[in-house]
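To keep things clear, I will list the structure first and then write my remarks on it.
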Amino acid sequence: MPIATEQPPQQPSSPALIEVRSIDYIPDAERHGSLFSQFTLWLSANLQITAIVTGALAVVLGGDVLWSLVGLAVGQLLGGAVMALHGAQGPQLGLPQMISSRVQFGVYGAMIPIVLVCLMYVGFSASGSVLAGQALAQLLQVDDGVGIVAFAAVIVLLTIFGYRLIHWVGRVASVVGVLAFAYLFAQLFAYHDIAALLMNRRFTPASFLLAMSLSASWQIAFGPYVADYSRYLPRSMSSVRTFFAVGAGSVIGAQAAMSFGVFAAALAGSQFSHHEVSYVVGLGASGTVAALLYFSIALGKVTVTTLNAYGSFMSMATIVSGFRGQRTISTRHRLAYILGMVGLSTWLALAGRHAFLKEFTTFILFLLAFFTPWSAINLVDFYCFTKSRYDVPALSNPGGRYGRWNGMAIAVYLTGILVQLPFISTSLYTGPLVERLGGADISWILGLLVPAALYYAGARSSSRSIPDRLILPAHQM
């Protein structure tokens with residue numbers, strides 16, 4: 001039977017190279033890792049070509065250089081704070097991020113945001129594979145399609161090994177990324193008149209808010225899986241220190257990459273679209289140096305695409321286990337989930353590689369409407385009500401404490417989506433109030449604030465039972 005625990009943590013054992021845990025709780029004896037590894041993981045996940053392209057969109061879609069940089073920085077800080085608050089939950093819960101959503105939504109109800117999270121993983125993996133495939137194709141002198149398939153094979157291998165190898169790759173990729181971006185910025189400032197670009201100022205609220213939305217959505221989109229990569233940290237790890245280690249790595253890396261994208265797009269004009277990788281490398285490199293930069297671009301995509309593949313496996317396992325009442329996933333099922341999600345994203349990358357930039361713009365901005373309400377609900381519930389007082393066995397029991405569906409949380413989530421619709425501005429859908437705001441997209445702000453307030457009020461008046469402390473299965477004591 002499940003029992004409550006306040007015992008001191010056990011001494012961690014040596015972690016296995018190939019991970020055996022998945023959606024189940026990480027016992028204290030298996031906890032390991034450091035905050036520095038958290039910093040390098042998220043630094044490397046952001047020092048990459050897709051972040052460059054995202055920053056470039058601020059200029060491609062009409063912004064100037066100076067105010068695009070400022071807008072991106074503001075969005076990084078706001079979105080990065082949301083993302084890091086999710087990351088700080090990992091050591092306290094010892095659980096993947098999305099399975100903990102069963103506390104707020106119910107065992108079955110949590111599948112609603114999880115399905116959307118899976119779509120996010122597939123979309124980001126597909127878009128990242130396009131750019132990584134371009135880099136590998138240039139490096140190996142093969143077709144882009146061959147590069148995409150080769151990249152997918154690497155992702156499958158790393159995802160099978162799991163958590164420990166992912167962090168190791170993050171440390172290596174962070175060093176390579178810092179060196180590559182230092183070189184690129186040095187070339188940029190040495191051979192181009194950056195001061196002239198900064199002097200060309202034409203502030204408009206719509207463009208400024210667009211830049212904020214791009215970077216905020218980039219950061220918030222990490223929220224559904226950031227705790228997956230901090231859940232092995234010792235339970236005694238400071239939440240504040242975890243917040244800053246995760247947040248600093250993500251914000252610094254993303255702002256550096258997006259800033260480079262702003263400058264690159266301003267210099268390239270129409271030449272940037274569909275030639276993102278070759279243009280970035282061609283700004284100041286040829287021969288051996290260019291080959292090294294193509295390698296660094298491909299390696300930079302390895303980290304974040306592996307995170308997506310690993311997260312998709314966890315999310316799919318969470319969906320299936322909710323119906324079956326499982327707490328663990330077999331190796332065979334793990335491999336099937338990984339191959340299925342990576343295979344789907346690779347197919348999408350191959351099918352849509354010639355229209356990447358436009359499709360990615362639509363995807364990343366529209367995606368934000370579905371994840372800001374989830375973030376608001378999850379964070380308000382954890383930090384204001386339940387904290388780390390979870391009943392872990394009940395997370396796999398539809399008839400237990402958390403039930404099958406939490407109607408209040410689901411209603412707030414859907415309201416959070418609906419309240420954003422009049423203010424969304426993408427090529428896929430534009431709300432009726434966008435024109436009155438000069439084209440500015442403020443949907444993500446409402447998507448955070450409205451659900452947070454509604455859920456706080458609903459949870460305050462709720463009669464649900466919250467444990468006095470973390471409750472673990474007896475066999476994990």
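Every read-out reported here was derived from the displayed coordinates using simple, explicitly stated rules and does not represent laboratory data. These numbers were taken from a predicted model, which means no experiment stands behind them. Counting neighbours? That spans all protein chains shown, and the Cβs are built from the backbone with ideal geometry, glycine included.
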By how many degrees, between 0 and 90 and to the nearest 10, does the Cα long axis of helix 111-140 differ from the longest principal axis of the chain? 40 degrees
May I ask you to evaluate 6.51 cos²θ - 1.76 cosθ + 1.60, the Karplus curve with θ = phi - 60°, for each residue of the range 183-193 and list the ³J(HN,Hα) values in order in whole Hz, giving x for glycine and proline? 5, 5, 5, 4, 5, 4, 6, 6, 10, 9, 7
Dipole of the chain, positive end: most advanced residue of ALA132, ILE220, GLN48 [Cβ charges, Cα centre]: ILE220
When PHE366, PHE36 are ordered from fewest to most other Cβ atoms inside 10 Å of their Cβ, what list results? PHE36, PHE366
Compute the long axis of helix 443-460 from its Cα atoms, compare it with the longest principal axis of the Cα atoms of the chain, and write down the angle in degrees, 0 to 90, nearest 10. 10 degrees
Compute the distance from the alpha-carbon center of the range 113-127 to that of the range 214-274, in whole Å. 17 Å
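With +1 assigned to the C-beta of every Lys and Arg and -1 to the C-beta of every Asp and Glu, and no other charges, what is the dipole magnitude of the chain about the Cα centre in debye, to the nearest 20?
Working: 25 positive and 17 negative charges, 201 e Å.
Charge dipole of the chain: 960 debye, to the nearest 20.
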Whose amide H sits under 5 Å from the amide H of ILE471, counting only residues 5 or more places off or on another chain, with H placed in the peptide plane? TYR390, ASP391, VAL392
Given the candidates VAL60, GLY311, LEU344, the one whose Cα lies deepest towards the positive end of the charge dipole of the chain, counting +1 at each Lys or Arg C-beta and -1 at each Asp or Glu C-beta, is GLY311
Which whole-Hz couplings ³J(HN,Hα) result when phi for each residue of the range 379-390 is put into the Karplus expression 6.51 cos²θ - 1.76 cosθ + 1.60, θ = phi - 60°, listed in order with x for Gly and Pro? 6, 4, 5, 6, 7, 9, 10, 7, 6, 9, 8, 9
